[in-house]
Each structure stands twice: as C-alpha cells, then as structure tokens.
Amino acid sequence: MNMVKIFSGIRPSGKLHLGNYLGAIKNWIELQNKADQVIFMIADYHAITTPYDPKTYQQQIMDVALDYLAAGIDPDKALLIRQSKVPQHTELAWIFNTITSVGWLDRLPTYKEQLEKTGINNMGLLDYPVLMAADILLYKSNLVPVGEDQVAHIDVTNEIAKRFNSAFGETFEPVKPHLEEGARIMSLQNPAKKMSKTSDEGIALSDNPDIIRSKIKKAVTDSGKEIKYDPDEKSAITNLLTVYHLLSGKEIKTIEKEYDGKSYSDFKNDLAETAVNFLKPFQEKRKEFENNPKKVLEILEKSEEKSRQLADKNLSEIKKKMGLI
Ligand code: AQP
C-alpha cells in the first residue's frame with residue numbers, strides 16, 4: 001500500500017477562527033494518527049502576499065504555533081514548521097514557475113477575490129498556488145486536508161506534478177484534497193461569504209466567552225422563525241446549525257427537533273454556550289504553551305531541522321532529473 005503523506009498549512013494573517021478549525025485543523029488532528037508522514041506549516045511566506053504589519057508579524061506567527069499545539073497537534077506525530085525556515089520551499093517554487101502556465105493562475109477565483117479585496121496585484125499573489133504546490137510536493141505529500149476554498153489550488157498542484165512527470169520522468173503521485181463536513185463555514189455577518197481572518201469578524205479560537213456570546217448574538221439570521229437546515233432559503237441559520245452540529249456532535253435533525261417552536265435567540269444563546277464550552281479546554285491548553293515559549297520554539301526548530309533534511313533529499317532528486325546537478 002502507498003504511504004500516506006499529509007501536508008497542510010495556514011497563513012499567519014490573523015487570529016485563527018472556527019472556520020480554520022472546523023474546515024482544516026480538526027481533520028489534521030484526526031489524520032495525524034493515521035499517516036506515515038505528517039507536516040503542518042505556518043505559511044509565513046504566503047501571508048506576506050497581502051498587507052501585514054512587520055512589527056507584529058513574529059508574534060502572529062507564534063500565535064498560530066500556539067493555536068496548532070493547543071488544538072492538539074502532537075509534535076511526536078507531526079512536524080510543525082515555519083515555511084520561511086525551510087528555504088527549499090521557495091527554491092522549488094521557482095523551479096515550478098518554469099513549468100506553470102500563467103493561464104492556470106490568473107483565472108483562479110481565490111486570486112480574483114484577493115485582488116478585489118486588497119486592490120493589490122503583486123506577483124506573489126498570482127504565484128501563490130505555485131508556492132503551495134512546492135510546499136506540498138517538496139515532501140512528496142499525497143493528502144492535503146483543507147477547506148473548500150483551497151481545492152482549486154490542489155488542482156494546480158496536480159497540473160504542475162503532471163507536467164513535471166511528463167517532462168522529467170515520473171516523480172510525483174497525484175495529490176488528493178481531504179475535505180470533511182465544515183469545509184466551508186460562512187461569515188456570521190454575511191452567509192454568502194466564507195468566514196475568514198482578514199475581512200470578517202469570525203469567532204476566533206482565542207475569543208473570550210463574552211466576545212463569543214456577543215458575536216453570536218449579532219450574527220445575521222434569515223427571515224421567518226424556523227430553525228431549519230435549508231442552504232438555499234435559510235443560509236444564515238444553516239451555517240449556524242452546521243457550527244452547532246460540529247461543535248456539539250448532535251445531528252442536525254436532532255437540533256432542529258430540539259428547537260422546534262423556539263426562537264432564534266434561544267437557539268443562539270445555546271449555540272454561544274456550546275462554543276464557549278467547546279473552546280474552554282483549547283484556551284486552557286493554549287495558556288500552558290503561551291507560558292512556555294521556549295518549549296514551543298524548540299518544537300518548531302526540531303521540526304524544521306527534520307523538514308530541511310527531507311526537503312534536501314527530494315529537491316536533489318528533482319534537480320538531478322532536471323539536469324541542474
Ligand atoms: N470559512 C472557512 N471554512 C472552512 N475552512 C476554512 N479555511 C479557511 N476559512 C475557512 C481553511 O483553513 C485553512 C487555512 O486557510 P487560510 O489561512 O487561507 O485562512 P483564511 O481564514 O481564509 O485566511 P485569510 O488570510 O483571511 O485568507 P482569505 O483572505 O483568503 O480568506 C485552509 O485549509 C482553508 O481552506
């Protein structure tokens with residue numbers, strides 16, 4: 001049987017939110033026990049493609065490391081790395097640039113959305129999926145747990161892998177995205193948009209109970225009164241029901257029955273308490289790591305050393321096939 005090699009990452013572009021947790025990290029925790037190689041990355045080179053503050057950037061990067069560890073990423077099972085500490089990522093991205101068609105990139109919805117959002121059209125933004133392909137293929141990873149917005153990028157990764165294989169010889173196997181329920185948690189202010197770190201006030205994993213309660217109280221709802229799963233007619237309530245279901249483990253049908261005849265505000269109050277209770281152990285564990293920055297740094301540095309070795313081996317094979325060495 002083929003080895004299962006997991007890779008995924010998150011941009012340190014703000015506080016991690018429930019969408020990041022339910023769409024990605026929750027699955028990472030489950031998969032880390034089942035795979036032969038597991039690498040989770042803090043995508044610090046990806047996050048500088050959009051506006052950021054250099055003065056707080058190191059703290060933001062460490063905040064993501066704390067979130068990863070508090071969520072249950074086990075450094076004995078997974079390597080936990082900062083992208084910029086493994087320079088082979090950017091080296092391979094350059095190599096992949098030479099076999100990537102611009103047409104695969106400039107039609108991507110994620111690229112167009114970011115252009116619209118930031119008004120900035122830098123090369124890094126266009127090239128983002130090429131660096132992502134390098135992140136994944138540098139370790140010959142074959143399974144990438146992500147939210148729905150990233151699937152188009154995995155398609156580009158596979159295009160690049162195919163083109164490399166046909167030009168230089170079989171090297172990469174196909175990469176599969178791993179998606180579960182929760183792959184698209186929507187914004188609490190606008191259920192037509194996904195919850196995100198930069199353009200939305202999502203529920204941060206580190207929000208205190210009062211902030212969580214206030215954000216859920218203010219979440220938009222649909223017309224009517226019924227608490228019903230109906231993505232077309234009741235997109236806001238459907239999103240809140242999905243979050244409730246994933247945080248409580250209760251089936252959607254059971255929740256609908258429980259709130260039959262009750263008001264949106266009853267439902268929201270209980271959802272808020274569910275979220276507060278769900279995040280409590282996470283936040284306690286995060287505090288522990290926060291009080292031990294030396295240990296966190298040690299975990300990162302040890303992982304990065306191992307990743308550089310893995311990366312070196314694969315990059316040498318790639319360069320040999322290309323006649324670069
Ligand atoms: N709303 C979401 N629902 C489910 N999964 C999500 N992911 C992101 N948002 C949701 C998944 O989380 C991982 C990290 O993605 P990211 O760093 O791009 O997260 P973001 O919150 O989308 O960050 P930004 O900086 O605010 O980016 P934009 O501006 O692109 O939204 C991925 O696996 C992603 O799928």
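The values are calculated or read from the model by the stated rules, or taken from the named source; none is laboratory data. All figures in this text were calculated on a predicted structure; none of them were measured in a lab. Virtual Cβ from ideal backbone geometry, glycine too; neighbours counted across all protein chains shown. Quick note on the areas: whole protein, heavy atoms, side chains included, nothing else; ligands and nucleic acids left out. Shrake-Rupley method; radii C 1.70, N 1.55, O 1.52, S 1.80 Å.
Could you grab me the full set of residues in region 252-270 that are in contact (Cβ under 8 Å) with a residue 12 or more places away in the chain, hydroxyl-bearing (S, T, Y) and over 17 Å from I212 (Cα atoms)? Hits for region 252-270 are Y259, S263. Residue selection: A192 satisfies the criterion of being in a loop (DSSP other than H, G, I, E, B), within 15 Å of the ligand (Cβ to nearest atom) and out of contact with any His (no Cβ under 8 Å at 6 or more places or on another chain).
The residues listed here are T254, T242, T274; of these, the one that is touching a strand residue (DSSP E or B) at 6+ places or on another chain (Cβ under 9 Å) and among the β-branched types (V, I, T) is T242. Can you tell me which residue is farthest from the chain's Cα centre (by Cα) among those in region 191-217 that are farther than 30 Å from A65 by Cβ and surrounded by fewer than 21 Cβ atoms within 10 Å (Cβ to Cβ)? My answer is K217.
Does at least one position in region 51-67 carry a residue that is within 13 Å of F7 (Cα to Cα), aromatic (F, W, Y) and within 16 Å of the ligand (Cβ to nearest atom)? The answer is no; no qualifying residue exists.
Just one of the numbered conditions (1) under 22 Å from the mean Cα position of the chain (by Cα); (2) surrounded by fewer than 15 Cβ atoms within 10 Å (Cβ to Cβ) is not true of S263: (1).
For region 173-180, state whether one or more residues are more than 21 Å from the chain's Cα centre (by Cα), farther than 27 Å from I61 by Cα and in contact (Cβ under 8 Å) with a residue 12 or more places away in the chain. Yes: region 173-180 contains one or more residues that are more than 21 Å from the chain's Cα centre (by Cα), farther than 27 Å from I61 by Cα and in contact (Cβ under 8 Å) with a residue 12 or more places away in the chain. Looking only at region 18-36, which residues are open to solvent by less than 30 Å² (accessible area, probe 1.4 Å) and outside any helix (DSSP H, G or I)? Q32, A35 - these are the residues of region 18-36 that are open to solvent by less than 30 Å² (accessible area, probe 1.4 Å) and outside any helix (DSSP H, G or I).
Of the numbered criteria (1) open to solvent by less than 50 Å² (accessible area, probe 1.4 Å); (2) more than 16 Å from the ligand (Cβ to nearest atom), the one M186 fails is (2).
If you go through region 229-251 and keep only what is open to solvent by 30 Å² or more (accessible area, probe 1.4 Å), free of Cβ contacts under 8 Å to residues at least 40 places away in the same chain and in a helix (DSSP H, G or I), you end up with just S248. Region 83-157 holds helices (runs of 4 or more DSSP H) entirely within its bounds, and those carrying 2 or more residues that are in contact with a His (Cβ under 6 Å, 6 or more places away or on another chain) map to 123-137. Of the residues screened, S166 is one that is at pLDDT 95 or above, open to solvent by 20 Å² or more (accessible area, probe 1.4 Å) and hydroxyl-bearing (S, T, Y). Counting only residues that are in contact with a Leu (Cβ under 8 Å, 6 or more places away or on another chain) and closer than 19 Å to K162 by Cα, region 97-127 holds 3 of them.
Residues in region 57-82 that are open to solvent by less than 20 Å² (accessible area, probe 1.4 Å) and part of a strand (DSSP E or B): L80, I81, R82. One residue stands out among those in region 139-156 that are over 10 Å from the mean Cα position of the chain (by Cα) and small (G, A, S): the one that is surrounded by the fewest Cβ atoms within 10 Å (Cβ to Cβ), which is A152.
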